[in-house]
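Report on the structure given below.
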Amino acid sequence: MLEAAVRACRAAGRIQRAAFGRRQRVEHKGEINLVTEVDRRCEEAILGILGHAFPGFGHLAEESSPSRREAEHLWVVDPLDGTTNYSRGFPVFCTSVALLHRGEPLIGAVYHPLLEEMFTAIRGRGAFLNGRRIRVSSQAALDQAFLATGFPYDIRRSKRNNLRQFADFAVRCLAVRRAGAAALDLAYLAAGRFDGFWEFKLKPWDLAAGALLVREAGGTITGVTGRHWKFGVADVVASNGPIHGEMLAVLRGRGSDPGRGFEPAP
């Protein structure tokens with residue numbers, strides 16, 4: 001099953017590399033939520049490979065209608081995470097493929113085609129980058145932590161937009177990066193490049209593979225309340241473990257209500 005996921009990711013990566021930097025036909029699913037012809041071509045290739053290998057499995061993919069979503073085995077696919085980056089020639093994007101078994105991530109693969117980095121995990125067997133085992137960092141202090149986050153597509157209309165939380169973390173940690181591909185952020189956390197990650201309103205395909213990578217690399221992922229993360233929870237905090245409590249405390253603290261927007265500090 002992992003071999004099929006890896007083949008599917010690599011097939012999508014070939015499509016992405018071939019078209020990267022060229023003019024894209026871009027459509028809008030929302031004000032700032034884009035989709036390109038490459039997204040659709042990648043998804044078609046991925047689902048073709050997975051469907052041929054395991055015809056009885058269901059799938060949930062970003063650009064198409066779900067199939068047999070209640071199946072015991074469910075592929076969860078983001079064909080191109082970081083579409084806005086891709087459409088503008090910004091080289092931060094990936095493909096994410098996960099397999100759920102009875103609602104829990106079993107297999108995960110996240111592939112950055114330009115760097116040819118394949119992050120993989122099987123539940124209970126560890127996380128790997130190009131076949132080499134990876135672990136989360138050992139950073140124990142939030143004030144020296146390197147964090148990642150992102151903003152929701154309704155940032156222009158919703159007060160629950162993560163701007164206040166971004167400001168709260170920015171003055172409490174080493175640095176915060178917002179690169180625009182959540183699956184890749186989680187893979188980088190699993191590899192020890194980031195120490196922590198939080199984001200609101202994520203989709204299932206943003207999280208399924210990355211969550212497994214983090215867990216299998218020794219990290220922690222929960223909801224923003226600190227409860228155990230499960231598939232379908234959209235607001236998440238992930239970390240190397242030692243800084244998790246401090247991250248939750250920032251999100252719970254004064255001025256960190258997820259329902260409030262950004263207000264400049266006095």
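The values are calculated or read from the model by the stated rules, or taken from the named source; none is laboratory data. Since this is a predicted model, take the numbers as computed values, not measurements. For neighbour counting, all protein chains shown are included, and Cβ atoms are generated from backbone atoms with ideal geometry for every residue, glycine included.
Couple of notes before you dig in:
- Considering Gly245, Gly232, Gly241, the condition of being modelled with pLDDT under 95 and either within 14 Å of the chain's Cα centre (by Cα) or not assigned by TED's automatic domain parsing to the domain that holds Val110 (or both) is satisfied by Gly232 alone.
- Scope the range 142-165; condition in contact with a strand residue (DSSP E or B) (Cβ under 6 Å, 6 or more places away or on another chain) and either without any contact (Cβ under 8 Å) to a residue 24 or more places away in the chain or surrounded by fewer than 19 Cβ atoms within 10 Å (Cβ to Cβ) (or both); matching residues: Phe146
- Sole residue being in contact (Cβ under 8 Å) with a residue 24 or more places away in the chain and assigned to a strand (DSSP E or B), chosen from Leu106, Leu114: Leu106
Yes or no, residue by residue, for (1) of a type in the set (A, V, I, L, M); (2) on the phi < 0 side of the Ramachandran plot; (3) outside the structural domain of Leu80 (by TED's automatic domain parsing); (4) not in a loop (DSSP other than H, G, I, E, B):
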site	(1), (2), (3), (4)
Ala148	yes, yes, yes, yes
Tyr153	no, yes, yes, no
Asn161	no, yes, yes, no
Arg172	no, yes, yes, no
Gly180	no, no, yes, no
Arg193	no, yes, yes, no
Phe197	no, yes, yes, yes
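- Options Gly82, Gly103, Gly108; residue that is over 14 Å from the mean Cα position of the chain (by Cα) and of a type in the set (Gly, Ala, Ser): Gly103
- So Arg123, is it surrounded by fewer than 16 Cβ atoms within 10 Å (Cβ to Cβ) and touching a strand residue (DSSP E or B) at 6+ places or on another chain (Cβ under 9 Å): yes
- Count of the range 3-16 residues which are out of contact with any Leu (no Cβ under 8 Å at 6 or more places or on another chain) and either more than 26 Å from Ser87 (Cβ to Cβ) or not assigned by TED's automatic domain parsing to the domain that holds Pro105 (or both): 1
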